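Written below as structure tokens is the structure these notes are about.
The values are calculated or read from the model by the stated rules, or taken from the named source; none is laboratory data. What you see is a predicted model, and the numbers here were worked out from it, not measured in a lab. As a convention, Cβ positions derive from the backbone with ideal geometry for all residues, glycine included, and neighbour counts pool all protein chains shown.
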Amino acid sequence: MASPAPNLPVGPVLAATTSTQALSTLGVLALAAVAPRAATELGVSAALIGYQVGLVFLAASMSALMAGGVARRYGPVRASQLSLAFVAAGCVCSALGSFPTLAAGAVIMGMGYGLTNPAASQLLSRAPSTRGMNLIFSIKQTGVPIGGVLAGVAMPPLTESLGWQWALAVAALAIAALGLALERVRLAWDTERQPGAPLIEAARSAALVVWKHKPLRWLAAASFLYSGAQLSLSGFLVTYLVADVQMSLVAAGTILALTNAAGAGGRLFWGWLADRLASGGKALMANGAMSVVFALATAAMAPAWPTWAVALVAAAFGFCAMGWNGVYIAVIARQAPPGSIGIATGGSLMVTYAGSVVIPPAFGALHARLDVSYGTGFALLSLVTLLGIACVYLVRRSAFKLKGP
């Protein structure tokens, strides 16, 4: 019999879930932030980093299906600790510096990354607030661009001074330290865990809840496309700026950090707008329209551009392409059946992560195999996002109300 699940304090829960999201994302994006140096030492094209990102999210899409069951059985804090442990272990494995260990590290990190959002959603559902749900979940989701900022600011300088492999090891230490720190709140917050809760059946239930409801299917399809565009931006911006716009690694990393910082601000803005409009659907469509514009502007970058203009356009693209997630997750959480928030979130995120499996590697393959420029690849992201907007429109057409509380 599950223990009673009292309400939790909003501030500490937001701090814990946002920090977990941030450091998990740091681990996932660490290699992308130093891709030019790692690729040179390994003797391969930096475009191959897209395949590493794809492996991460392939594993994440699978673990997300079971994440709701893991959070039920062990508690959402323990699930968050497991997430951090896997991501840290994946960084260490990647730091060994061979193709097999890079692939294994990507899979291990993905197994951890897929656990983060269902556990966080379960905790946030027990932290009532006078703010709108879209904004609360968007605040938590700022952890993703914050992790990108950390990757852009910390990883290139660490690589310059220690080498890219030791830089990954330092990231692993920081991630593991947070996992240990969460032990302080685990017993107090994991009061609704159900030790006998099934894992395999939870995965089946997570998939079915999305498949059986047409509006959820269209919403998941939109997230597939939006997430693919977002991860292509995160995964290839540094390489694009170094290879085509002829910037230094540190300068490109700084612009990646600014882009992710803008994404953090974007998550707050889009969450606020969704609550203001009382419509997550309208906010997601407006977000997509702006992403299309700035994807095309990013594609037009050239060595002759001043640094401030490159930074401004990249930040504007990040503000949109990295800003939609909190609104999306809030919609899923609000529509989930009682007691099934983790399950519904995991099933939806399986499709979301699948977009990150398919689209960034396709972006890399266009460059590596067909010699398509990175700029053209970013232009094609505008078409990907347009398809996402169409999916959100179909959600609205199917009478699924994307509204705040």
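Okay, residues lined up against (1) free of Cβ contacts under 8 Å to residues at least 12 places away in the same chain; (2) not β-branched (Val, Ile, Thr):
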residue: ALA35; (1), (2): no, yes
residue: GLY43; (1), (2): yes, yes
residue: VAL53; (1), (2): no, no
residue: ALA59; (1), (2): no, yes
residue: ALA64; (1), (2): no, yes
residue: GLY69; (1), (2): no, yes
residue: ARG73; (1), (2): no, yes
residue: ARG78; (1), (2): no, yes
residue: LEU84; (1), (2): no, yes
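Based on this model, can you work out whether ALA311 counts as at pLDDT 95 or above, more than 29 Å from PRO156 (Cα to Cα) and of a type outside the set (Ser, Thr, Tyr)? No: the conditions fail for ALA311. Run ILE200 past the list (1) at pLDDT 80 or above; (2) more than 21 Å from VAL13 (Cβ to Cβ); (3) not small (Gly, Ala, Ser) and report the number of the one that doesn't hold. Of (1) at pLDDT 80 or above; (2) more than 21 Å from VAL13 (Cβ to Cβ); (3) not small (Gly, Ala, Ser), only one is false for ILE200: (1). In the condition set (1) farther than 29 Å from PHE319 by Cβ; (2) under 23 Å from the mean Cα position of the chain (by Cα), ALA197 is compliant with all but (2).
For the stretch 171-188, the condition of being farther than 22 Å from LEU256 by Cβ, at pLDDT below 85 and either among the acidic types (Asp, Glu) or surrounded by fewer than 24 Cβ atoms within 10 Å (Cβ to Cβ) (or both) holds for none of the residues.
For the stretch 211-221, does any single residue satisfy the condition of being at pLDDT 90 or above and either closer than 17 Å to ALA365 by Cα or not charged (D, E, K, R) (or both)? The answer is yes, given that some residue of the stretch 211-221 is at pLDDT 90 or above and either closer than 17 Å to ALA365 by Cα or not charged (D, E, K, R) (or both).
Considering the stretch 275-301, the residues that are surrounded by 23 or more Cβ atoms within 10 Å (Cβ to Cβ) and modelled with pLDDT of 90 or more include one that is farthest from GLY388 (Cα to Cα), namely THR298. When VAL44, VAL87 are checked against the criterion of being among the β-branched types (Val, Ile, Thr) and either touching a helix residue (DSSP H, G or I) at 6+ places or on another chain (Cβ under 8 Å) or closer than 30 Å to VAL209 by Cα (or both), a single residue qualifies: VAL87. Annotation note: of THR254, THR239, the sole residue that is modelled with pLDDT under 90, in contact with a Phe, Trp or Tyr (Cβ under 8 Å, 6 or more places away or on another chain) and more than 19 Å from MET62 (Cα to Cα) is THR239. Every listed requirement among (1) within 20 Å of the chain's Cα centre (by Cα); (2) farther than 10 Å from GLY318 by Cβ is met by ASP244 save one, (1). Screening the candidates PRO128, PRO156, PRO145 for the property of being closer than 28 Å to GLY346 by Cβ and crowded, with 24+ Cβ neighbours inside 10 Å yields one hit, PRO145.
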